[in-house]
1. State log₁₀ I(q)/I(0) for the chain at q = 0.13 Å⁻¹ as given by the Debye formula over alpha-carbon point scatterers of equal weight, solvent excluded.
2. Enumerate the calculated ³J(HN,Hα) couplings along the stretch 342-349 in order (Karplus 6.51 cos²θ - 1.76 cosθ + 1.60, θ = phi - 60°), each rounded to whole Hz, writing x wherever the residue is Gly or Pro.
3. Highest first, please rank the peptides 92-105, 131-144 by the mean number of other Cβ atoms sitting within 10 Å of their residues.
4. Hey, how many Å between the Cα centroid of the stretch 228-257 and the Cα centroid of the stretch 140-192?
5. Kindly identify the stretch 311-405 as rounded, prolate or oblate by the Cα gyration tensor criterion: order the square roots of the eigenvalues as a ≥ b ≥ c, call it rounded if a/c is under 1.5, otherwise compare a/b with b/c, prolate if a/b is larger, else oblate.
6. Cross-link list LYS39/LYS247; LYS39/LYS349; LYS247/LYS272; LYS272/LYS349; LYS178/LYS272: which exceed 29 angstrom alpha carbon to alpha carbon?
7. For the stretch 287-294, in order, what is each residue's ³J(HN,Hα) by Karplus, 6.51 cos²θ - 1.76 cosθ + 1.60 with θ = phi - 60°, in whole Hz (x at glycine and Pro)?
8. If all Cα-Cα distances of the stretch 177-272 are sorted into 5 Å bins from 0 onward, what percent lands in each bin, rounded to whole numbers?
Amino acid sequence: MAGSTAPRTSQPLDTEAMLSVSSRHAKSSAIRDLLVHAKRPGVISLAGGLPAADLFPTERLAGMTTSIVSDPRVLQYGLTEGEVDLREWVAAHHSQLGGPSYAVDDVQIVSGSQQGLDLISRVLLDPGDVVVVADPEYLGAIGAFRQRQVDLVSIPVDAYGIDVPVLEDRLSKGLRPKCVYLIPEFHNPTGTSISIDRLTMLARLSDEYGFLVIEDNPYGQLRFDGDPVPSLASLTANVVQCRTISKTIAPGLRVAWMVGPAWLIDAVRIAKQSADLHTSTVTQRMALSIMSDDEWYAAHIAGLVPHYRERRDALSEALSQMLPEARFNRPSGGMFLWVELGDGPDTNKLLPLALDEGVAFVPGAAFAVSRAADQAMRLSYSTATPETLTEGVARLSIAIRKSVR
Ligand SMILES: Cc1ncc(COP(=O)(O)O)c(C=O)c1O
């Protein structure tokens, strides 16, 4: 009745039951929670996984923006699969990497490789499926897989990358994964790269046991020493590759891509339609403009490498001098150094003390899948100057001395 003043009954929401089962399984990222503290004024953060903002090609990006957005087609809705020119560039680029030759339709542009991992998980994984990951492992991948309520099986990592002989042993005893997640170069968080022997073995196993490898390689271009690891795609067809511009151009553009078998790429395309229709055409155009200028892009990457190398050297040197008990591998590229303190303090308990001294890191437990990593920590050398890194380690060593008193 119009104008009725009858009180509406209010039914409180059962908020527990409101969230979907998969959301109830999702946990907030420990890194994100910790970064709040790392942003305290005066704190030297060795915690974040960000590329160095002072190395972004800001001038070049700013210079091209007006002309890119002057074309109304760029501001219109775009194709879910991504801009054809960019996909052509990606297909040609991957074809040159020594694997099979790719066509435009083998390429899907995504809004960051994190979206690629999420979409692959959505189209590939059902609750209870087995997914093999390294231990410790990149949190973003773990999060994407856990959303699907899969059975995560973890394999240890050593200086030669994920321990494929251990995986082979598990397979011979009946393990049947649907997929294996692999960061082949400069693993986040351990900084290690897979050896050629293990890579070859992994390719053979994927053929023998019929699983897909998700090859996520955001750091490969930031190589300081040694030879690049070839893509698994040169050894088996059972692979989907994820690549991103986040570490070489800028993560804020949210441009990345996947290259893989048609059955998977087609399904991902449909899932992406529901997720965000398409990746920003403006930033796809920016990425293409930079990457298709071969000479400039190669020089840009060559210019990034010495900066990161110098920072790795400063952090490794400071650790050797000030924390001789720390065990770590000097990574040949990327942004991370994994430090084990042996009989040292529990790094979860060390963190508040370190913050009091003015330095932040990520405790190993944040990346642990099923093996404890309570005496380990991930240190990132990407954003601090060599002097700041040295000061950060000095503060860390004070916190460690205080913690063992
Ligand atoms: C191993 C790994 N994969 C994927 C990502 C996400 O990258 P993107 O910015 O392309 O989403 C990161 C970011 O840190 C990463 O370390």
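Bear in mind these aren't lab numbers, they're just calculated from the coordinates by the rules spelled out. Because the structure is a prediction, the values reported are computed rather than measured. Neighbour counts run over all protein chains shown; Cβ positions are idealised from the backbone, glycine included.
1. The calculated log intensity ratios at q = 0.13 Å⁻¹ are -1.16.
2. x, 8, x, x, 5, 5, 5, 7
3. Working: 92-105: 14.9, 131-144: 23.3.
My ranking of the peptides, most packed first, is 131-144, 92-105.
4. 18 Å
5. Working: a/c = 1.56, a/b = 1.15, b/c = 1.36.
Oblate shape, in that a/c is at least 1.5 and b/c is the bigger or equal ratio.
6. On the way: LYS39/LYS247 21 Å; LYS39/LYS349 19 Å; LYS247/LYS272 23 Å; LYS272/LYS349 41 Å; LYS178/LYS272 21 Å.
Violating the 29 Å Cα-Cα cut-off are LYS272/LYS349.
7. The phi angles translate into 4, 5, 4, 6, 6, 7, 8, 3 Hz.
8. Bin by bin from 0 Å, the calculated values are 3, 12, 22, 24, 20, 13, 6, 1, 0.
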